[in-house]
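Participant: Pasting a structure below so you can have a look.
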Amino acid sequence: MRLKVTEIDALIIVDMQNDFMPGGALPVPEGDKIIPILNKYIDLFSGSGNPVFFTRDWHPENHISFKGQGGIWPVHCVQETEGAKFHPDLKIPQDNKFVISKGTSRDFDAYSGFQGTILNDLLSERGIKRLFVGGVATDYCVFNTALGGINLGYQVFVLQDGIKGVDVNPGDSERALNKLLEKGASLIDLKDIASD
Ligand code: VGL
Ligand code: ZN
């Protein structure tokens, strides 16, 4: 595939936070391995003046998704903690970047960057029609953010070389990607995007 980044394109980097990286509270295996390639995507979009959106899980300390409150996850990405910060190696641009916090109320969880946020407004008011989605976890927040984008009418490209999954059940990530393909998403790699 050969794609050219134009003014209708936005990059969405999902949940590249310390708690989701090896050594974190809810690690995605090899989650840090995709940082160099995500930085290349970020350079490419940012360099051509396209907006880059960074979603983050941003939970209050008694969040319902935590085991202590009857949820399924260990405590993770608590607002203002070290674990909730973006990985220090992630190259966050100075300009034309947006941080989207989700899962911010105690009683609601959000796996999609669109859920309970202004992401769709920010995209549509900029005339964005195509979304390029990477980050973690393939089978949770990447999946739900990409699906949310498709359901809102965006053309969605999932960055095959810029995602990692947790696979709580073996095959979860593969099933998630197959579902996205079925819904009309495309899988691309960095080499599919023209740099000229
Ligand atoms: C996520 C589990 C719990 C994710 C967030 O970012 O994929 N997974 N909260
Ligand atoms: Zn969470």
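Participant: (1) among the hydroxyl-bearing types (Ser, Thr, Tyr); (2) touching a helix residue (DSSP H, G or I) at 6+ places or on another chain (Cβ under 8 Å); (3) over 18 Å from ASP161 (Cα atoms): which one isn't true of TYR41, the others all being true?
Facilitator: (3)
Participant: Looking at this structure, is SER65 more than 11 Å from ligand 2 (Cβ to nearest atom), within 19 Å of the chain's Cα centre (by Cα), modelled with pLDDT of 95 or more and open to solvent by less than 80 Å² (accessible area, probe 1.4 Å)?
Facilitator: Judged against the criteria, SER65 is not a match.
Participant: When you scan the range 180-195, how many residues do you find that are without any contact (Cβ under 8 Å) to a residue 40 or more places away in the chain and open to solvent by 80 Å² or more (accessible area, probe 1.4 Å)?
Facilitator: Result for the range 180-195: 3.
Participant: Which of (1) more than 12 Å from ligand 1 (Cβ to nearest atom); (2) surrounded by 19 or more Cβ atoms within 10 Å (Cβ to Cβ); (3) assigned to a loop (DSSP other than H, G, I, E, B); (4) without any contact (Cβ under 8 Å) to a residue 60 or more places away in the chain is the odd one out, the single condition LEU147 does not satisfy?
Facilitator: (3)
Participant: Among the residues of the range 118-131, write down those that are under 16 Å from VAL99 (Cα atoms), in contact (Cβ under 8 Å) with a residue 60 or more places away in the chain and either in contact with a Leu (Cβ under 9 Å, 6 or more places away or on another chain) or in a loop (DSSP other than H, G, I, E, B) (or both).
Facilitator: LEU123, ARG126, LEU131
Participant: Next question, about the same structure. Which one of these is at pLDDT 95 or above, within 16 Å of ligand 1 (Cβ to nearest atom) and open to solvent by less than 10 Å² (accessible area, probe 1.4 Å): VAL166, VAL142, VAL99, VAL156?
Facilitator: VAL142
Participant: In the range 71-96, which residue that is acidic (Asp, Glu) and either modelled with pLDDT under 95 or touching a helix residue (DSSP H, G or I) at 6+ places or on another chain (Cβ under 7 Å) (or both) is surrounded by the fewest Cβ atoms within 10 Å (Cβ to Cβ)?
Facilitator: So the residue we want is GLU82.
The values are calculated or read from the model by the stated rules, or taken from the named source; none is laboratory data. All values derive from a computational prediction rather than experimental measurement. In this analysis, Cβ positions are derived from the backbone assuming ideal geometry, glycine residues included, and neighbour counts consider all displayed protein chains. Heavy atoms of the whole protein, side chains included, go into the accessibility calculation; ligands, DNA and RNA do not. Shrake-Rupley method; radii C 1.70, N 1.55, O 1.52, S 1.80 Å.
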